[in-house]
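The structure appears right after this line, and notes come after that.
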Amino acid sequence: MRASLLIVDDETSILEFLSMLFESEGLAVATARSAAEAQRALAGKRFDLVLCDILMPDGNGLDLLKEIKSATPNTAVVMMTAFTSTKSAIEAMKLGAYDYVSKPFEVEELKLITQKALERVELADENVYLRRELEQKYTFNNIIGKSPRMQAIFALVERIARTTSTVLIHGESGTGKELIARAIHFASARASRRFLSINCGALPENLLESEMFGHERGAFTGAVREKKGLFQEADHGTLFLDEIGELTPQMQVKLLRALQQRVVRKVGGNQEEPIDVRVITATNQDLEGRLATGEFREDLYYRINVLPITLPPLRQRREDIPLLVDFFLEKYSRQMNLPARQISLEAMKLLESYDWPGNVRELENVIERSLALSHADTIGARDLPAQVLNHRRSHPDLIELPEEGLDLEAHLEEIRAQLMAQALDRTGGIQTQAAELVKMSFRSFRYYAKKAGLRAGDGE
Ligand SMILES: Nc1ncnc2c1ncn2[C@@H]1O[C@H](COP(=O)(O)OP(=O)(O)OP(=O)(O)O)[C@@H](O)[C@H]1O
Ligand SMILES: [Mg+2]
């Protein structure tokens with residue numbers, strides 16, 4: 001494809017001359033006589049290179065430069081100055097211009113500069129391409145993850161898909177449990193059959209039983225006709241039982257029977273019907289803890305926990321955050337019919353350091369919301385919701401020197417106290433271990449803990 005060039009200048013003679021020059025060089029050339037015209041041209045099309053006059057009747061070329069750089073960072077911009085104004089030339093370079101030429105220019109010099117700029121654009125595009133490739137590599141059925149833990153899960157999913165054993169997916173809310181369940185189904189030999197799911201915590205016991213196992217006509221008031229249960233609807237397919245920890249003791253018995261005997265009995269029925277269903281279960285509870293209290297049956301637990309998968313919370317795989325952000329930016333820009341949006345470095349840093357109690361679902365919502373509310377081409381820190389911004393204040397590595405300055409010593413004391421308190425939390429209040437965790441001697445740990453009024457446990 002021919003490289004594209006936009007020339008912005010208010011002097012007709014220069015536009016004509018440069019158009020001819022670069023068309024003969026094989027470029028696709030467009031022209032604009034004002035900043036406004038240039039903006040219109042840039043809105044409709046992406047240019048590889050823009051040659052732009054610094055002085056324009058209706059605006060400043062530097063403003064245009066800023067706009068181009070934020071909308072399409074890979075577009076190279078070469079500024080033209082009517083007189084040797086070093087100040088604005090330096091300003092232009094700071095704002096990301098590739099280079100500048102002073103008028104009147106040497107034709108050969110101009111040709112050389114544009115040629116170099118275009119080579120660079122090609123390289124940058126190549127980088128974007130390579131990054132896309134990389135993203136492909138880190139995508140498994142639309143599940144994103146380059147962290148070693150997610151990569152290990154993708155491998156596990158592929159192995160699990162070849163079996164028909166029962167799976168228990170464990171993970172905090174929003175970590176992608178349902179997504180993984182679907183991935184297992186669609187990677188398995190059952191892919192052409194149905195994947196059905198039910199939330200075990202969303203229905204009262206009797207309704208849940210009839211949903212799962214079906215009912216006979218007249219089994220209860222309102223059962224006007226016979227109904228198949230999900231186990232039968234999902235025959236030869238996969239049934240996903242979400243929030244399995246919510247099952248009542250009675251339903252636990254019934255599910256165990258279905259899994260062990262591979263038969264179901266409709267509510268109000270007396271016939272056992274065979275089933276062939278792969279069951280995948282999920283929970284965000286600590287099921288093992290509930291075994292101890294007797295709330296969850298041990299025999300059922302071992303029956304469903306044949307193949308366990310544990311999805312790590314997002315804060316334990318922060319390297320996945322940038323990929324997920326890109327993925328959701330693209331997904332929602334497309335959905336909202338917006339041009340591709342970027343995200344500022346600062347905003348990305350904030351997203352990477354936030355703790356994400358709602359995991360990937362929360363991140364997805366944050367991106368969707370920011371896209372909907374911001375009109376700029378680049379999402380900045382100001383577009384992020386309060387929970388993400390507030391986090392910055394409590395994080396010293398992201399701190400900025402406030403306008404009015406600060407008391408550095410007091411500030412450092414505060415940071416030390418906060419980190420020591422966390423160390424104590426993590427070691428159950430045992431000072432010797434906490435001291436080790438923050439690489440302090442026990443003596444100075446004890447000294448500073450006392451000074452900061454930190455409470456220690458008994459085990460010094
Ligand atoms: N690794 C991932 N890559 C891309 N999207 C993801 C990923 N993990 C989760 N999501 C998206 O995040 C949202 C939540 O995922 P999902 O519903 O699977 O989570 P969950 O663990 O079942 O949550 P809950 O416990 O709240 O039901 C979905 O929109 C899902 O598409
Ligand atoms: Mg879910």
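All of the numbers you see were taken from the coordinates with simple rules; none came from a lab. Fair warning: this is a prediction, and the values are worked out from it, not measured in the lab. For neighbour counting, all protein chains shown are included, and Cβ atoms are generated from backbone atoms with ideal geometry for every residue, glycine included.
Stick to the Cα atoms of the range 193-267, pair each with every other, and give me the Kirkwood hydrodynamic radius in Å at one decimal. The answer is 12.6 Å.
Using the rule -39500 (n - 2.57) for each DSSP H run of four or more residues, divided by the residues of the chain, the 222 nm mean residue ellipticity is -15000 deg cm²/dmol.
For the range 1-53, the square roots of the Cα gyration tensor eigenvalues, ordered a ≥ b ≥ c, give a/c of at least 1.5 with a/b no greater than b/c, which places it in the oblate category. Relative to the longest principal axis of the Cα atoms of the chain, the long axis of helix 107-137 lies at roughly 0 degrees.
Cα-Cα over 23 Å: which of Lys66/Lys116; Lys177/Lys266; Lys116/Lys146? Pairs exceeding the cut-off: Lys177/Lys266; Lys116/Lys146.
For the range 410-448 versus the range 288-357, the inter-centroid distance based on Cα atoms is 31 Å.
Give me the lysines in straight-line cross-link reach of Lys451: C-alpha distance below 24 Å, same-chain residues under 8 apart excluded. Leaving aside lysines fewer than 8 places away in the same chain, those within reach of Lys451 are Lys439.
More than 33 Å apart: what percent of Cα pairs in the chain qualify? The proportion of pairs with Cα distances above 33 Å equals 59 percent.
Distances between every pair of Cα atoms in the range 285-342, grouped in 5 Å steps from 0 to the bin holding the largest one, split as 4, 14, 15, 11, 9, 10, 9, 10, 9, 6, 2 percent. Straight-distance candidates among the aspartates and glutamates for linking to Lys228, with alpha-carbon spacing under 15 Å and chain neighbours fewer than 8 residues away dropped: Glu209, Glu211, Glu216, Glu272, Glu273, Asp276. Other residues whose C-beta falls under 12 angstrom from the C-beta of Arg190 contribute a net charge of +3, scoring Lys and Arg +1 and Asp and Glu -1.
The Cβ shell under 13 Å around Arg317 holds other residues with a net charge of -1, Lys and Arg each +1, Asp and Glu each -1. Across the options Gly358, Thr221, Gly268, the greatest Cα extent toward the positive end of the charge dipole of the chain (unit charges at beta carbon of Lys, Arg, Asp, Glu) belongs to Gly268.
Phi-derived couplings, Karplus 6.51 cos²θ - 1.76 cosθ + 1.60 at θ = phi - 60°, listed residue by residue for the range 330-337: 5, 4, 7, 4, 5, 4, 8, 6 Hz, with x used for Gly and Pro.
Each listed q (0.11, 0.20 Å⁻¹) maps to a log10 I(q)/I(0) for the range 260-410 from the Debye sum over equal C-alpha point scatterers, namely -0.68, -1.20. A cut-off of 5 Å between modelled amide H atoms, ignoring neighbours fewer than 5 places along the same chain, links Leu6 with Ala30, Leu49, Val50, Leu51.
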